[in-house]
Amino acid sequence: MTIDGLLYIALVFTLVLGAAFPLGHYLAAIFEGRVQFLRKAESAFYRFSGIDPAREMRWQNYAATLILLSFIHFLLLYAILRLQFFLPLNPQHIAGMSPRLAFNTAASFTTNTNWQAYVPEAQISNGAQVFGLTVHMFISAAAGIACAAAVMRAFCAGGLTSLGNFYVDLTRVTFYLLIPVSLIAAILLVAAGVPQSFGPFITAHTINAGLQTIAIGPVALQEAIKEFGTNGGGFFNANSAHPFENPNALTNLFENWLDLVIGFALPIAFGIMLRDKPQGRALMAAMAIILATACIGTYAAEQAGNPLHIAAGVSAHDGNYEGKEVRFGIPASATFNVSATGTSTGAVDSFTDSYTPLGGAIPLFLMQIGEVTPGGVGSGFYTIIIFALLAVFVAGLMVGRTPEYLGKKIQSREIKLAMLGVLVLTLFILGGAGFSLVTKSGLASLANAGPHGLSEMLYAWSSATENNGSAMAGLSADTPLLDYGLGAAMLFGRFAFMIPVLAIAGGLAAKPKLASSAGSFPTTGPLFIGLLIGVIIILGGLQFLPADTLGPLAEHYLLAAGKTF
């Protein structure tokens, strides 16, 4: 590793964490209804939609409303993808998707996963991109942030019977955060060279006097919300490695900033709403420590290079550049990749399938521990809250105290629901990957045998279930097994976790808020941060260790021994 590479990682974290504090204040103001510069438009939208903004929702109503709206949008997106041939803005005359691929894609964009088992340039029209995919990038991101806001309210007072109004939270997050910032980001990306056009393609004259047809479209706005809403679905098949999505080093840094900033700002907003800022900073610190360690670890693994290439004289000891854009280099590529898997973004500017085994194992593990570093917009926050509850429960067992977090007594109901949320996702990841590897269809999807093939399949099921959406790129995913299986995993991973979270929030909101005392376990200092990190890694990721050992870790030792499978 070089000083320049480490300084680049430090620059990314400085810019992100520096912006997270003012953005956190702004988010808290949105959640508390103090941002009103679009009040007339907001009120008009409520009247037009038949929404009563004064109606409070119990957790059951909040969850049911969120799921019902998601189901409706899933059906709408499925119809758009199947019938896109009849939509406007289809100058390429792209036909509708097959039923299984439309199911997979609709599930993907409804759940903020944005897994793409298709080639966007060839299988998605401009109309479907605008009216289907981009719309859902806003809605799915706003739904996750709304759920986080509901969880925050549960800790702010005692004796509450409601968690707010889902429609109001969704509307305010969209109106006051996602749309304004995405529009500004899109303008900046256009200025940097990202296309924003409804034309189907352009014809370029190559240096050898030939012609090349290059797809274009309304890229800039989709790119902006893709990163800012931790969506990840690329307009092009090469995703953020494509120069029309990510033209240069500055846009690479900017997009990296976009996909991290909301995730780190949410804990700050939480501390402000609690009127106890150190609580939010402690959660943010745990997120940042894990992510920074992962960035440095991946950078170190990639900079060390491939030992087989070095031994064969194919490359010197200057790192593994396979699958990476030379214009970005290893530090920026590794940081972008880790950021995309530490959140639910899934966008990549280099390809994990070509990483060294250890370099690829770190992004895989970040997904498996629940994507809490800082996780998807909203989902990362409420997931780390689940781990915080488990951390104080473990601490209470060790010291013989009744578990308590932020003035709320943590009892068996909360712990059972928390463990349910953690374990059901593990079951789906390991069960889905294991089943796929004993079927002819699943094995036929792999581009590689041995440990790397296991890593590809394990990565796919981890990515789908944890709503990340990235892939190792060595998997043929458009098959009946994986289209339907991974589509179900995306839906399950989103809602089977979100419902227990809201149930926990509803129960905690109703409990009295107790004042801290000498017997209260401190949850702001280095001791709690270290405990929280340990619980995330052990309870969140240890169950994946046997599978990871047979996959990327086994491949690492094979390479170190100078062997391939």
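The values are calculated or read from the model by the stated rules, or taken from the named source; none is laboratory data. Bear in mind that the values here come from a model prediction, so they are computed numbers and not experimental data. Backbone-built Cβ (ideal geometry, glycine too); neighbour counts: all protein chains shown.
Structure notes:
- Lone qualifier among S455, S470 - being over 30 Å from K409 (Cα atoms), outside any helix (DSSP H, G or I) and in contact with a Pro (Cβ under 8 Å, 6 or more places away or on another chain): S470
- Residue count for region 491-513 under the criterion of being under 17 Å from G271 (Cα atoms) and in a loop (DSSP other than H, G, I, E, B): the result is 1.
- Filter pass, N165 being more than 30 Å from E404 (Cα to Cα) and either out of contact with any Cys (no Cβ under 7 Å at 6 or more places or on another chain) or not basic (K, R) (or both): no
- Scope region 433-458; condition touching a Ser or Thr at 6+ places or on another chain (Cβ under 7 Å) and surrounded by 15 or more Cβ atoms within 10 Å (Cβ to Cβ); matching residues: G442, S445, M457
- Unique residue being crowded, with 18+ Cβ neighbours inside 10 Å, in a helix (DSSP H, G or I), at pLDDT 95 or above and touching a His at 6+ places or on another chain (Cβ under 8 Å) when the list is I268, I296, I290: I268
Here's the yes/no breakdown for (1) small (G, A, S); (2) under 24 Å from the mean Cα position of the chain (by Cα); (3) modelled with pLDDT under 90:
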{"position": "H136", "(1), (2), (3)": "no, yes, no"}
{"position": "I145", "(1), (2), (3)": "no, yes, no"}
{"position": "F155", "(1), (2), (3)": "no, no, no"}
{"position": "L183", "(1), (2), (3)": "no, yes, no"}
{"position": "A191", "(1), (2), (3)": "yes, no, no"}
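- Criterion: surrounded by fewer than 21 Cβ atoms within 10 Å (Cβ to Cβ) and touching a residue at least 60 places away in the same chain (Cβ under 8 Å) - qualifying residue of G551, G487, G540, G562: G562
- Candidates are the residues of region 347-371 that are of a type outside the set (F, W, Y) and not in a helix (DSSP H, G or I); the one that is farthest from S108 (Cα to Cα) is T356.
- Inclusion of G158 among residues that are touching a helix residue (DSSP H, G or I) at 6+ places or on another chain (Cβ under 7 Å), assigned to a loop (DSSP other than H, G, I, E, B) and of a type outside the set (S, T, N, Q) is not warranted.
- For the condition in contact (Cβ under 8 Å) with a residue 24 or more places away in the chain, outside any loop (DSSP other than H, G, I, E, B) and either within 19 Å of the chain's Cα centre (by Cα) or within 22 Å of Q279 (Cβ to Cβ) (or both), F521 does not qualify.
- Residue that is surrounded by the most Cβ atoms within 10 Å (Cβ to Cβ), among those in region 65-105 that are of a type in the set (G, A, S), in a helix (DSSP H, G or I) and without any contact (Cβ under 8 Å) to a residue 60 or more places away in the chain: A102
- Residues located in region 372-389, provided they are in a helix (DSSP H, G or I) and either in contact with a helix residue (DSSP H, G or I) (Cβ under 7 Å, 6 or more places away or on another chain) or among the small types (G, A, S) (or both): S379, G380, F381, Y382, I384, I385, I386, F387, A388, L389
- Of all residues making up region 1-52, the number that are β-branched (V, I, T), in a helix (DSSP H, G or I) and surrounded by fewer than 18 Cβ atoms within 10 Å (Cβ to Cβ): 2
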